[in-house]
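Since the structure comes first, as structure tokens, the remarks are kept for the end.
The values are calculated or read from the model by the stated rules, or taken from the named source; none is laboratory data. Only a predicted model underlies this, so the values are computations on that prediction, with no experimental measurement involved. With ideal geometry, Cβ positions are generated from the backbone for all residues, glycine too; neighbour counts draw on all protein chains shown.
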Amino acid sequence: MLRYLHGASLRTMLLFAVAAIVLLLAVGCASLAQRDPVRVNVVGIEPVAGQGMEVRFAVKLRVQNPNDVAIDFDGIALELDLNGKPFATGVSDSKGSVPRYGEAVVTVPVSVSALSMMRQALGVIDGTGTAELPFAMRGRFGGGVLGGMRFSESGTMRLPASF
């Protein structure tokens, strides 16, 4: 059939096909941009067995989805900073879904190096630490459309008075 089309007709069809693809991508990206970001909060930290000079924790995250579409994920990466310094990192290959207008609790094992622990402890002991400890959490849910969804949270933790 292509041999019966003239050069101008073929170019017109090709131009039309490219325009249709661009339009579909624009509509798809616009629908993604209208999603509200997920809210992620740390709801629990439990010690787990570590190796050598590392400390490990199971960090439980409550993920809230304020959108009208469920969020499916395949893997999670997490970074935690304390006092503006890197503290812990972790990954999990867990799969799951956060329902539309719903929430889910996911667990990510994180590792803390002995050096990070000492640096934070010395900051508290030598007086440069305060009763309030700023933290930042960053991460990404893998999979889904365009390879995943990033999240972040920051704030201040209050240390117990006896600490």
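Below are the figures for this structure:
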quantity	calculated
E103, sole failed condition from (1) on the phi > 0 side of the Ramachandran plot; (2) at pLDDT 95 or above	(1)
Members of segment 71-85 found to be assigned to a strand (DSSP E or B) and in contact with a strand residue (DSSP E or B) (Cβ under 8 Å, 6 or more places away or on another chain), listed by number	I71, D72, F73, D74, G75, I76, A77, L78, E79, L80, D81, L82
Test result for M117, assigned by TED's automatic domain parsing to the domain that holds F57, modelled with pLDDT of 75 or more and closer than 14 Å to N83 by Cα	no
Subset tally (residues that are at pLDDT 85 or above and either exposed (fewer than 11 other Cβ atoms within 10 Å of the Cβ) or β-branched (V, I, T) (or both)) for segment 28-43	5
Criterion: more than 13 Å from V38 (Cβ to Cβ), assigned to a strand (DSSP E or B), out of contact with any Ser or Thr (no Cβ under 6 Å at 6 or more places or on another chain) and modelled with pLDDT of 90 or more - qualifying residue of A58, A136, A88	A88
Check on D68, part of a strand (DSSP E or B) and more than 19 Å from G142 (Cα to Cα)	no
Condition met for S154 (modelled with pLDDT of 85 or more, over 21 Å from A58 (Cβ atoms), in a strand (DSSP E or B) and among the hydroxyl-bearing types (S, T, Y))	yes
